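Comments concern the structure below.
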Amino acid sequence: MNIVQLIQNRFQDALHSLVADPGPLAAMVRPTQDVKHGDYQANCAMSLGKTLGKKPREVAQEIADGLDLGDELEKPEIAGPGFINLRIRPDWMARQLQAIAEDERLGVSKVAPAKNYVIDFSSPNVAKPMHVGHLRSTIIGDSLTRLLRFLGHTVITDNHLGDWGTQFGMLLYGYKHFVDAKAFEADPVRELARIYLHMRSLMKADEDEEGNKIPDPVAEAARQETAKLHAGDVENVQLWKMFMPACLEEINVIYRRLGVQFDHMHGESFYNDMLPDIVRELEEKGIAERSKGAMVISFGAKEPPALIQKSDGAFTYATSDLATIRYRVKTWNPDAMLYLVGSPQALHFKQLFAAARRWGYGQIELEHIAFGSVLGEDRKPFKTREGGVIELGALLDEAVERAGQVYEQSRKESLERGEEIVDLGSEERRQIEEAVGLGAVKYADLCQNRLTDYVFSWPKMLAMNGNTATYMQYAYVRNRGIFRKGGVDAAKYRNQPPLPKIDNEHERALAVQLLRFEESLLAAATEYQPSAITSYLWDLAKTYSGFFQNCPVLKAESEELRESRLLLCDLTARVIQKCLELLGIRTVERM
Ligand code: ARG
């Protein structure tokens, strides 16, 4: 159910007699922020008035007179300088809600034509623990995947692991010199992490007092180990093969916990054998050229060239990304490829896409879905108190632990208020804390415009009130509680839903919100912005709260009204649950 689309189509028809190309004017119909101005508003009469040399109010009246209201619109109202305010008819909304209640997809139709997407996300450099910087790509990518799939698109997810880079040179060198064999046998992941950190500490001091680089013998030796690995050195390749399962297990633990899955994990190493051929092909086609012994792709005088083979023969990040594009197109034939990578890599992707277009991949939508950084309370990159990077595993543990504290606190407060509280078993409690803790972290990230930086704040993200996962999960639980308390089986409102009564302003507001579900998902998909889903959820939750405070449900005046309101409650719970699911956030039935 896409109301805005429906109204835009009606405007399109009405505007035909006034302009040649009504599309852009019709697209100016928007949902309003305040019901005073109707549910939707069109402001096209203002710009059209200018073109036609007529008074906007007159033009507005003319459009309104020609508008086919169907059975969904009330008679439009002209306001101010020429706004057309539109209200949805409650009887029509009631019929739509009844139909949506029976629909597993909650009224969201599948898009046509569906696209074939490849989404490249998470893509950490393995062999070092995942840190907070990997959070955004992972959870925004996961959410977009869920959203696009729900809308009917095909999505292939591919985790482009950094599994071939300089960090392996560090591990190789470190392993050869410092491994504790017993520790490696007992727990390879931990031992590799220790070796990595040890190597980093050795490689730190590389500037003298005047800021001159001091040649660092360890760093140089590690670089040589990387070069040997890339050249196929038997010992190094063997060690690499031995390290990889441990590195993968380390990140898979995090993915399992976050509920994130990938169809493929073709890391950089996967493309290694293809790289000489890529460089040859690009040179043959005149896209790349030799410059001072290296191979580069140029982008004019104003931009630095992209290096695809260094003078010592080594290939680069860009080379494997070019190979990746060719492989993906050949294998999956996508319409679009999305790269979820932080804003600092903007130039890399700009050049990559430009090169790909020259190479003949111009028909594919290539998009860098960039995002800002996670900051600490001091507005600097988020670090531990000691100044180290925050490991993702530890961060998630802390989230769950803090969720437990919030839970304990609210339980105490409920007891003090003399409320009845359910005693939950330890397993159920653990699951709730996990859902609330991880949900808080995910939601706090997803509710931001992805392009801006945001400050990581525990109290804010775990607040029981406000635009947080905790609030949404709690709203869901309270809603389910109504059904438990009344001994009502919600299945009835899905199998044989009654026709709801949309009489007072609260019921009306809730109905409008419920019918806006598809509209908001489409907005999120068009902009690749999960925050459009959280904004919608927030509006829905606020409207529901207004409804709930003002409209008795179990104690409604009549049986008919009770049935109607139970239907609205059930639909709200289902929409909240679906939105959270699309954000990768779990709901629980009770807390
Ligand atoms: N591993 C890279 C990094 O940590 C991100 C890779 C993103 N994906 C890609 N196809 N370049 O910076």
Practice task
Treating each Cα of the range 97-253 as an identical point scatterer and ignoring solvent, apply the Debye formula and state log10 I(q)/I(0) at q = 0.14, 0.16, 0.20 Å⁻¹.
Solution key: -0.81, -0.95, -1.22
Handout entry: Amide H contacts of residue 156 (H built 1.01 Å from N, under 5 Å, at least 5 apart or other chain)
Key = 117, 118, 119
Practice task
Quote the FRET efficiency, to the nearest 0.05, computed for residue 347 versus residue 559 with a Förster distance R0 of 60 Å and r equal to the Cβ-Cβ distance.
Solution key: 0.35
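Taking N as the number of residues in the range 43-174, what is its Cα Rg relative to 2.2 N^0.38 Å?
On the way: Rg = 26.1 Å, N = 132, 2.2 N^0.38 = 14.1 Å.
Normalised Rg, Cα atoms only: 1.86.
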Practice task
With everything on Cα atoms, drop me the angle between helix 188-202 and the longest principal axis of the chain, reported from 0 to 90° to the nearest 10.
Solution key: 70
Completion exercise
On the formula 1/(1 + (r/R0)^6), with r taken between the Cβ atoms of residue 33 and residue 590 and R0 of 35 Å, the FRET efficiency rounded to 0.05 is 0.55
Fill in the blank from the handout: Relative to the chain, whose Cα atoms define the longest principal axis, helix 346-356 and its Cα axis are tilted in degrees, nearest 10, by 90
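What Kirkwood hydrodynamic radius do you get for the range 79-119 when you take the inverse of the mean 1/r over all pairs of distinct Cα atoms, in Å?
On the way: mean 1/r = 0.0725 Å⁻¹.
Hydrodynamic radius (Kirkwood, Cα only) of the range 79-119 equals 13.8 Å.
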Exercise for the section: Distance between Cα centroids, the range 167-183 to the range 363-398: provide it in whole Å. Expected result: 27
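Looking at the range 280-323 from every direction and averaging, what is the projected area of its Cα convex hull in nm²? Provide the component values of the computation, followed by the final result.
Values: hull surface 12.5 nm².
Over all viewing directions, the range 280-323 projects a mean Cα-hull area of 3.1 nm².
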Handout entry: the chain - share of DSSP beta bridges that are antiparallel (%, nearest 5)
Key = 55
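Packing-wise, with mean Cβ within 10 Å as the measure, how do 482-493, 38-49, 515-526 rank, highest first?
On the way: 482-493: 14.3, 38-49: 21.8, 515-526: 20.3.
Ranking, from highest mean packing down: 38-49, 515-526, 482-493.
Taking each pair of different alpha-carbon atoms in the range 124-193 once, compute 1/r for the pair, average those values, and report the inverse of that mean as the Kirkwood hydrodynamic radius in Å to one decimal.
On the way: mean 1/r = 0.0682 Å⁻¹.
Averaging 1/r across every pair of different Cα atoms and inverting gives 14.7 Å.
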Problem - Between helix 505-515 and the chain: long-axis angle, C-alpha atoms, 0 to 90°, nearest 10 - result: 40
Fill in the blank from the handout: In whole Å, largest first, the alpha carbons of the range 478-591 cover along the principal axes 44, 30, 26
Practice task
Evaluate the relative contact order of the range 68-148 (contact order divided by residue number), counting alpha-carbon pairs under 8 angstrom at least 6 apart; express in whole percent.
Solution key: 17
Practice task
Select from 145, 24, 43 the residue farthest towards the positive end of the dipole of the range 1-157; place +1 on Cβ of Lys and Arg, -1 on Cβ of Asp and Glu, and compute about the Cα centre.
Solution key: 145
Practice task
Could you estimate the translational diffusion coefficient of the chain from the Stokes-Einstein equation, with Rh from the Kirkwood formula over C-alpha pairs, at 37 °C and 0.692 mPa s, in whole µm²/s?
Solution key: 119
Handout entry: Positive-end extreme of charge dipole, the chain - chosen from 538, 168, 300 (charges on Cβ)
Key = 538
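Report for the range 273-432 the percent antiparallel among DSSP-assigned beta bridges with both residues inside it, nearest 5. Mind showing how you got there, number by number?
Numbers: 9 of 14 bridges.
About 65 percent, rounded to the nearest 5.
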Problem - Mean Cβ count within 10 Å, highest first, over the residues of peptides 536-549, 421-434, 575-588 - result: 575-588, 536-549, 421-434
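Given charges of +1 on the Cβ of Lys and Arg and -1 on the Cβ of Asp and Glu, with all other atoms neutral, how large is the dipole of the chain about its Cα centre, in debye to the nearest 20? Mind showing how you got there, number by number?
On the way: 72 positive and 84 negative charges, 146 e Å.
It comes to approximately 700 debye.
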Exercise for the section: Would you mind calculating the gained length between residue 242 and residue 413 on full extension (0.36 nm times residue separation, minus the Cα-Cα distance), in nm to one decimal? Expected result: 56.3 nm
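Can you sort 417, 328 so the residue with the fewest Cβ neighbours within 10 Å comes first?
Details: 417 8, 328 21.
Listing 417, 328 from fewest to most nearby Cβ atoms yields 417, 328.
Using the Kirkwood formula over every pair of different C-alpha atoms, what hydrodynamic radius in Å results for the range 498-549?
Values: mean 1/r = 0.0856 Å⁻¹.
Averaging 1/r across every pair of different Cα atoms and inverting gives 11.7 Å.
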Problem - Integer Hz, Karplus 6.51/-1.76/1.60 couplings in order for the range 147-153, x for Gly and Pro - result: 5, 5, 5, 4, 6, x, 7
Exercise for the section: With an 8 Å cut-off on Cα pairs and a minimum separation of 6 or more residues, tell me the relative contact order of the chain in percent. Expected result: 16
Handout entry: About the Cα centre, charge dipole magnitude for the range 144-195 (Lys/Arg +1, Asp/Glu -1 at Cβ), debye
Key = 160
Practice task
Calculate, for residue 281 and residue 233, the FRET efficiency according to 1/(1 + (r/R0)^6) with r their C-beta to C-beta distance and R0 41 Å; round to the nearest 0.05.
Solution key: 0.95
Completion exercise
Given unit charges at Cβ for Lys, Arg (+) and Asp, Glu (-), the dipole magnitude of the range 40-165 about its Cα centre in debye, nearest 20, is 420
Handout entry: Top positive-direction residue, dipole computed over the range 319-385 with Cβ charges, set 355, 320, 338
Key = 320
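Only the coordinates and a few stated rules stand behind these numbers; no lab work does. The model shown is predicted, which means the values in this text are computed figures rather than measured ones. Methodologically, a virtual Cβ is constructed for each residue, glycine included, from the backbone with ideal geometry; neighbour enumeration extends over all protein chains shown.
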